[in-house]
1. Kindly provide the set of residues from segment 42-55 that are exposed (fewer than 11 other Cβ atoms within 10 Å of the Cβ) and among the polar types (S, T, N, Q), ordered by number.
2. Name the strands (runs of 3 or more DSSP E) wholly inside the chain in which the number of residues that are hydroxyl-bearing (Ser, Thr, Tyr) and in contact (Cβ under 8 Å) with a residue 60 or more places away in the chain is 1 or more.
3. Restricting to segment 3-41, name every residue that is open to solvent by 100 Å² or more (accessible area, probe 1.4 Å) and among the hydrophobic types (A, V, I, L, M, F, W, C).
4. Here are SER23, SER27, SER8, SER56: which of them is hydroxyl-bearing (Ser, Thr, Tyr) and under 11 Å from the mean Cα position of the chain (by Cα)?
5. Spot the failing condition for TYR76; the list is (1) on the phi > 0 side of the Ramachandran plot; (2) out of contact with any helix residue (DSSP H, G or I) (no Cβ under 6 Å at 6 or more places or on another chain); (3) not basic (Lys, Arg), and only one is missed.
Amino acid sequence: MAGSIHISEARTILNSHRPVSFSAWTSRGEILEARQAVSLRYDYRTGTRNVKLLPSGEKRKIRECLIFKINDLYVYL
C-alpha cells in the first residue's frame, strides 16, 4: 500500500513531540482534522493520547486506534 505507515511508525512520529497533522474519527463518528498538533502524553492502559492543537491552544484526548492519517500517510494496524 503506497503512502501508508504501520501504527508503530505512527507512534514514533507522535512520540517525537514535533508538530504533525493528523486525521482521526471522533466518538460521534465525525472526522477531526488537526493541523500543527503536538502529542503531549500517551496512556498505555486506556490507549488514549493527549494532543495540543498549536493554532488554538486547545487540548484534546483522542483514542490512538482511531487515528487513520498522519502527515498525509494512511495508518494501518
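The values are calculated or read from the model by the stated rules, or taken from the named source; none is laboratory data. Source: prediction; values computed, not measured. Note: ideal-geometry Cβ built from the backbone for every residue, glycine included; neighbour counts use all protein chains shown. Heavy atoms of the whole protein, side chains included, go into the accessibility calculation; ligands, DNA and RNA do not. Shrake-Rupley method; radii C 1.70, N 1.55, O 1.52, S 1.80 Å.
1. The answer is THR46, and nothing else.
2. It comes to 4-6, 73-76.
3. TRP25, the sole residue that qualifies.
4. After ruling out the rest, the residue left standing is SER23.
5. Single failed check for TYR76: (1).
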